[in-house]
Amino acid sequence: MSDFDDFINSLPTEIEGQRGTKVERRYTCGQCGGTGKWSGGTNRYGNSYCLACGGRGYFTTSPEFRAKRRAAVQAKKEDRAEQVRRAVKEFSEEHPDMWADLVAARTDFTASLYMQLVQRGALTQNQINAWYRGWEKRQAIISARKAETEAKGGAVNLDRIREMFDAATASGYKKPCYRAEGLKITLAPATGRNAGALYVVEIEDDAYQGKIENVTFKAVRETKANTLARLQAIAADPKGAAIRYGQRTGTCSCCGRELTNHTSIEMGIGPICAQKWGF
Ligand SMILES: [Zn+2]
Ligand SMILES: [Zn+2]
């Protein structure tokens with residue numbers, strides 16, 4: 001017997017075996033007691049092998065060594081997760097617009113970038129560039145749309161429209177409503193956020209066209225291109241516009257009712273309304 005054999009024999013082995021000429025230590029599996037079978041029946045893979053030892057019934061490394069290795073693997077995993085978290089945070093600070101867009105994940109593209117970023121902590125330069133190209137395109141569309149909407153609004157000299165609404169309110173109308181040039185103008189509730197403003201709606205389809213605040217007409221996206229011009233025509237001559245409306249539609253600009261008697265139709269406005277609205 002060599003010193004080496006003595007040494008091996010002196011170890012508190014449970015099983016000793018030989019693989020080739022190399023002596024292999026064996027540590028009985030604690031899970032299956034060395035049988036290699038799981039006593040609980042069929043495991044989640046559809047067989048009855050012990051999952052701890054892979055069905056061998058023993059390990060070639062000590063329980064302490066395996067515990068240490070497991071801990072090291074776990075620590076490495078946690079390190080990696082921490083690194084990814086930090087990288088994602090840095091990325092979000094460096095690209096705030098992009099980060100907000102990825103989080104919102106409105107498209108498959110941004111959703112996929114988000115998943116890759118939080119899993120790997122980084123995106124490729126090509127991916128980043130592709131996102132910025134799309135973003136710039138979208139920003140250009142948004143500002144063009146905004147400019148287009150703003151261009152549909154503009155200044156309106158409201159003095160005469162105001163006078164008319166003041167007269168109607170003084171005559172006791174709670175919700176004065178005026179129609180002309182295909183538009184319906186109403187007074188915003190006196191207690192609301194828009195008190196003093198006038199709302200403008202397209203009569204034909206009831207589409208909101210915007211509001212007049214002070215002397216400015218503020219358009220919205222749906223505002224028709226000629227709405228401002230129509231408002232300016234009304235502002236120049238509210239009475240004339242009301243008469244034109246009455247003659248064209250056969251209904252009264254102020255109360256919306258049908259103009260019946262001959263005089264009314266000729267006048268284009270109901271006589272009582274004309275008086276109450278200060279015409
Ligand atoms: Zn086992
Ligand atoms: Zn009327």
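The values are calculated or read from the model by the stated rules, or taken from the named source; none is laboratory data. Here the structure is a predicted model, which means the values were calculated and not measured. Every residue, glycine as well, gets a Cβ built from its backbone with ideal geometry; the counts of neighbours run over all protein chains shown. Only protein heavy atoms, including side chains, enter the accessible area calculation; ligands, DNA and RNA are left aside. Shrake-Rupley method; radii C 1.70, N 1.55, O 1.52, S 1.80 Å.
A compact table of results
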| quantity | calculated |
| --- | --- |
| Flag if Glu222 is modelled with pLDDT of 95 or more, closer than 30 Å to Ser143 by Cβ and either open to solvent by 60 Å² or more (accessible area, probe 1.4 Å) or away from ligand 2 (no atom under 14 Å from the Cβ) (or both) | no |
| Where a residue in the stretch 45-63 is open to solvent by less than 60 Å² (accessible area, probe 1.4 Å) and its partner, wherever it lies, is in a loop (DSSP other than H, G, I, E, B) and aromatic (Phe, Trp, Tyr), with Cβ under 6 Å and at least six apart | Ser48/Trp38; Cys50/Trp38 |
| Qualifying residue in the stretch 208-215 (condition: touching a Lys or Arg at 6+ places or on another chain (Cβ under 6 Å) and of a type in the set (Gly, Ala, Ser)) | yes |
| Selected residue (criterion: farthest from ligand 2 (Cβ to nearest atom)) from residues of the stretch 230-253 that are in a loop (DSSP other than H, G, I, E, B) and open to solvent by less than 10 Å² (accessible area, probe 1.4 Å) | Ser253 |
| Selection from the stretch 259-279 of residues that are without any contact (Cβ under 8 Å) to a residue 12 or more places away in the chain, in a helix (DSSP H, G or I) and more than 19 Å from Pro176 (Cβ to Cβ) | His262, Thr263, Glu266 |
| So Gly210, is it surrounded by 17 or more Cβ atoms within 10 Å (Cβ to Cβ), among the small types (Gly, Ala, Ser) and part of a strand (DSSP E or B) | yes |
| Selection count, the stretch 182-195, where residues are open to solvent by 40 Å² or more (accessible area, probe 1.4 Å) and part of a loop (DSSP other than H, G, I, E, B) | 5 |
| Any hit, the stretch 237-248, residues being touching a residue at least 24 places away in the same chain (Cβ under 8 Å) and either of a type in the set (Asp, Glu) or farther than 20 Å from Tyr173 by Cβ (or both) | yes |
| Residue count for the stretch 135-182, restricted to those that are more than 34 Å from the chain's Cα centre (by Cα) and among the aliphatic types (A, V, I, L, M) | 8 |
